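Scroll down for the structure; my scribbles are underneath it.
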Amino acid sequence: MDVLYEQSIESLQQALQRGELRSIDLVQASLQRIAAYDQAGPCLNALLHLNPRALEQAETCDAERRQGMVHSPLHGLPVVVKDNFQTHDMPTTGGSRVLAGFQPRHDAWQVQRLRQAGAIIVGKTTLHELAAGITNASSLSGHTRNPYDPEHIPGGSSGGTAVAVAASYAVAGLGSDTSGSIRVPAACQNLYGLRPTWGLSSRSGIIPLCPSQDIGAPLARTVRDLAIMLDATVGPDPSDPATWQAAHWIPASYRAGLQPGRVHGLRIGVLTSLFGNAAHEQETSDCVLAALDTLRDLGATVVPIETPTLETQTQAASLTAHEFKFALADYLQAQAAPVRSLTELLAHNAHHPEVDATLRLRDQPAHRDTAERTQAIMQRSAVRRFVTELMMTHDVTVLASPTLRCTPVRIGERQPGQNCALSPVLGWPALCLPAGFSATGLPIGLDLLAPPHSEQALLNYALDWEASGVRRRAPFFFGDRPRFHRPEV
């Protein structure tokens, strides 16, 4: 029997406390699943590095438990982290062949927090190279596959973490989100993925993409698991000024704050312009509208809102094109990496073809401060005013849209319809819910966006959604029968 398959953090912790399982059993189960499915079977290709000391660390956790030392609900449980988070005991490559073998001396701050909580990091996961896209292709790992249909993309850029969680390699994992990189793969793999308020969790030790939008956060199979991971990873970090006020906004425990019945009376503004009506988008739109009907049945009021210019306004407010080149150079030089800039990295001509145009475009700015960057910052303030006034005018608490306007495309194709850029521009939290499935069994996600520091409220809305029906459907993995099988829909 596979003791890890589709199990929640709390159920496994209870089994450990009762002595029915040991941490070493869970890590062995994780490694067995990785061996069966990652480079064998469906070849999901979600892991870049395995922790060589994972079993030893599991034995330490078991010994601590025998002595009455249990650090948190994550104590002794296997988790994964995206390979743009620094780890002192495994390489940190960002999915780039040029950075293969690069190993900083210190853990990222959120990785430190997980280790302090007693979690065992079994491995580092694949990502879209340098987090510069959403199909999860990289020069170091190639393409990662979606466990719901291995011919399709898993979403990105945190696609490897999403695959590892969806395929029960681990109980949960860390990703990063600059413009949807947590929520897109969550949508593609029937998971819950949260982008918190900017500054709620540390960026220290994460390879940067756009510091004014970057944030690291969890993906999980259940709302309670997501809350537990959030408890373990948020908070002020002395080395990250963006987090210095975080303690004022973080409750004693997001898990303890979970309360049912919060959808009743909620007013949801539906951003109708972010729903597609093309033939390849209609199935996703119908699924998300059906999910909103369910929320209405739970007592919410659903308010359609026309915002025909919002998407264009949001695109003009993104700072990624203005910050990436310079933030990456700062990071590479501070860490004594094998290359010192994006220009040097591109000169190796070793990057994946799917990131070539993006990386070359982002290498063009000659200066940090340009008129274009100033205009984007001004546009960001304008978008914040526009959205705030919009929500006040319509008296809504959250804004809803499909996470993606269409289902995951086949590997090698471009993924259109990304709807996640608004949250990073605003700095507001957004949570992806598993909305349902296409006729072919591919997952579909619903995004809920709320004002700053609404994480607890978003988790509570998700809790009601989760309790209202069967939301989590595992992919084709069966706990004690490692075999490939397409799910019936």
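Values in this text are rule-based calculations from the coordinates and carry no lab data. What you are looking at is a predicted structure, and each value in this text was computed from that prediction instead of being measured. Methodologically, a virtual Cβ is constructed for each residue, glycine included, from the backbone with ideal geometry; neighbour enumeration extends over all protein chains shown.
Rounded to whole numbers, the Karplus 3J(HN,Hα) couplings from phi for segment 124-136 are 9, 9, 5, 7, 5, 3, 6, 6, 9, x, 10, 9, 6 Hz, using 6.51 cos²θ - 1.76 cosθ + 1.60 with θ = phi - 60°, and x at Gly and Pro.
Taking amide hydrogens as placed 1.01 Å from N in the peptide plane, the amide H of LEU47 sits under 5 Å from those of THR126, each at least 5 positions away in sequence or on another chain. Put in line by how crowded their Cβ is, counting other Cβ atoms within 10 Å and starting with the fewest, THR125, THR440, THR197 read THR440, THR197, THR125.
Put a plus charge on the Cβ of each Lys and Arg, a minus charge on the Cβ of each Asp and Glu, and nothing anywhere else: the dipole of the chain about its Cα centre is then about 360 debye.
For segment 416-428, 3J(HN,Hα) computed residue by residue from phi via the Karplus equation (6.51, -1.76, 1.60; θ = phi - 60°) reads x, x, 6, 10, 9, 6, 5, 4, x, 5, 6, x, 9 Hz, glycine and proline entered as x.
Beyond 18 Å, what share of the Cα-Cα pairs of segment 186-241 is found? Please give it as a whole percent. In whole percent, the share of Cα-Cα pairs in segment 186-241 beyond 18 Å is 36. If you take every residue apart from ASP395 with its C-beta less than 15 Å away from the C-beta of ASP395, what net charge results, scoring Lys and Arg +1 and Asp and Glu -1? Once positives and negatives cancel, what remains is 0. Dipole of segment 5-97 computed with +1 at Lys/Arg Cβ and -1 at Asp/Glu Cβ about the Cα centre; of LEU12, ALA54, MET69, farthest Cα towards the positive end is ALA54. The alpha carbons of segment 9-467 occupy a box of 58, 54, 45 Å along the principal axes, longest dimension given first.
If only the Cβ of Lys and Arg carry +1 and only the Cβ of Asp and Glu carry -1, the dipole of segment 320-449 around its Cα centre is close to 60 debye. Would you please classify the overall shape of segment 28-97 from the alpha carbon gyration tensor, given that a ≥ b ≥ c denote the square roots of the eigenvalues, rounded means a/c under 1.5, and beyond that prolate means a/b larger than b/c while oblate covers the rest? Oblate, since a/c reaches 1.5 and b/c is not below a/b. In plain terms, the residue of HIS143, HIS88, HIS322, HIS264 with the fewest other Cβ atoms within 10 Å comes first and the most crowded comes last, giving HIS264, HIS88, HIS143, HIS322. The charge dipole of segment 267-308, taken about its Cα centre with unit charges on the Cβ atoms of Lys, Arg (+1), Asp and Glu (-1) only, comes to about 200 debye.
Going from the fewest other Cβ atoms within 10 Å to the most, the residues MET378, MET90, MET229 appear in the order MET378, MET90, MET229.
Each helix, a run of at least 4 DSSP H residues, gives -39500 (n - 2.57); summed and divided by the residues of the chain, these come to -10500 deg cm²/dmol at 222 nm. For the chain, the share of DSSP beta bridges that are antiparallel, to the nearest 5, is 70%.
Near GLY436, the amide H atoms lying under 5 Å from its own belong to ILE444; only residues 5 or more places off or on other chains count, and H is placed 1.01 Å from N. Does segment 1-117 come out rounded, prolate or oblate by the C-alpha gyration tensor, with a ≥ b ≥ c the root eigenvalues, rounded set by a/c under 1.5 and, if not, prolate when a/b is larger than b/c and oblate if not? Judged from the Cα gyration tensor, segment 1-117 comes out oblate (a/c at least 1.5, b/c at or above a/b). What number comes out for the charge environment of TRP109, summing +1 per Lys or Arg and -1 per Asp or Glu over other residues with Cβ under 12 Å away? Net charge in that neighbourhood comes out at 0. Taking every C-alpha pair closer than 8 Å and separated by at least 6 residues, the mean separation divided by the residue count of the chain gives a relative contact order of 18 percent. Near GLY123, the amide H atoms lying under 5 Å from its own belong to ASN51, VAL81; only residues 5 or more places off or on other chains count, and H is placed 1.01 Å from N. Dipole orientation for segment 209-297: of the candidates VAL234, LEU219, LEU258, LEU258 has the Cα lying most toward the positive pole (charges on Cβ; Lys, Arg +1; Asp, Glu -1). Of the residues PRO42, ILE268, ILE206, the one whose Cα sits farthest towards the positive end of the charge dipole of the chain is ILE206 (charges of +1 on Lys and Arg Cβ, -1 on Asp and Glu Cβ, taken about the Cα centre).
Relative contact order of segment 85-150, taken over Cα pairs closer than 8 Å and 6 or more residues apart, is 30 percent. Per-residue 3J(HN,Hα) values for segment 188-196, derived from phi via the Karplus relation 6.51 cos²θ - 1.76 cosθ + 1.60 with θ = phi - 60°, read 6, 9, 6, 10, 9, x, 10, 9, x Hz in sequence order (x marks Gly and Pro).
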